[in-house]
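Read through the structure below, which is laid out as structure tokens, and then see the notes.
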Amino acid sequence: MNLIVNEGQDQSCQVQLAIYDLSGGMARALSSQFLGPNHAIDIIPHTAILAFGKEYYFGGSGIEASDPNHFRSTRGIFPIEIQHLGNTNVSKEQFEEWCLQHMANGV
């Protein structure tokens, strides 16, 4: 199955990348104290794919999915940036099957 996002075509689902800072801004503030101002770390990143009304991310059980509002409210973390990746023809069922297959294969 081709999971490539196709830009500029009439597709069924928008795909976005949510970028989080797991440090809540502390990485930038504290890393310069320990590493020096020339080596500061801006964020401790966590990313998720937004598609089909869900947020897909790597969790304790591999690839997990939940409602974006539930994910954010239960963890008290919100994206610092959301990037539009494009649109896809792949159905939700096809994508979730692809996720399950790759989890089963350890890929």
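The values are calculated or read from the model by the stated rules, or taken from the named source; none is laboratory data. Everything quoted here is computed from the prediction, not taken from an experiment. Glycine also receives a Cβ, built like all others from the backbone with ideal geometry; neighbour counts cover every protein chain displayed. Accessible surface is based on the protein model in full, side chains and every heavy atom, while ligands, DNA and RNA are left aside. Shrake-Rupley method; radii C 1.70, N 1.55, O 1.52, S 1.80 Å.
With a cut-off of 8 Å between alpha carbons and a minimum separation of six or more residues, what is the relative contact order of the chain in percent?
39
In sequence order, what are the phi-derived ³J(HN,Hα) couplings for the stretch 85-91 according to the Karplus relation 6.51 cos²θ - 1.76 cosθ + 1.60 with θ = phi - 60°, rounded to whole Hz, with x for glycine and proline?
9, x, 10, 9, 8, 4, 7
Tell me, what is the per residue accessible area of the stretch 20-92 in Å², probe radius 1.4 Å?
Here the per-residue accessible area is 61 Å².
With a 1.4 Å probe and every protein chain kept in, tell me what percent of the accessible surface of the chain is carbon plus sulfur. Please report the intermediate quantities before stating the final value.
Values: 3760 of 6940 Å².
With neighbouring chains kept in place, the figure for the chain is 54 percent.
Taking 0.36 nm per intervening residue step and subtracting the Cα-Cα distance, what contour gain separates Leu22 from His70 on full extension?
15.6 nm is the gain from fully extending Leu22 to His70.
What residues qualify as long-range amide H neighbours of Leu85, i.e. H under 5 Å apart, gap of 5 or more or another chain, H built at 1.01 Å from N?
Placed amide hydrogens put Val15, Gln16, Leu17 under 5 Å from Leu85.
Taking Cα atoms, how many degrees apart are the long axis of helix 92-104 and the longest axis of the chain, rounded to 10 and kept between 0 and 90?
The two axes meet at around 60 degrees.
If R₀ is 35 angstrom, what is the calculated FRET efficiency for the pair Phe34 and Phe58, using the beta carbon separation as r and rounding to 0.05?
Calculated transfer efficiency: 0.85.
Just from its helices, what would the mean residue ellipticity at 222 nm be for the chain, if runs of 4 or more DSSP H residues each count -39500 (n - 2.57) and the sum is divided by every residue, rounded to the nearest 500 deg cm²/dmol? Intermediate results must be reported in sequence, preceding the final value.
On the way: 3 runs with 31 residues, N = 107.
-8500 deg cm²/dmol, from helical runs alone.
Please give the contour-minus-distance gain from His102 to His84: 0.36 nm per residue of separation, less the Cα-Cα distance, rounded to one decimal in nm.
On the way: separation 18, 0.36 × 18 = 6.48 nm, distance 2.40 nm.
Computed gain between His102 and His84 is 4.1 nm.
What ³J(HN,Hα) values, in whole Hz, does the Karplus curve 6.51 cos²θ - 1.76 cosθ + 1.60 give for the stretch 62-74 when θ = phi - 60°, with x put for Gly and Pro?
Each residue's phi maps through the Karplus curve to give x, 6, 10, 9, 7, 4, x, 5, 5, 4, 6, 6, 6 Hz.
Of the candidates Gln83, Gln14, Gln33, which one comes out as most mobile in a Gaussian network treatment of the chain with C-alpha springs shorter than 10 Å?
Gln33
Let me know the Kirkwood hydrodynamic radius for the chain, please, with Cα pairs as the basis and the value in Å to one decimal.
That comes to 15.6 Å for the chain.
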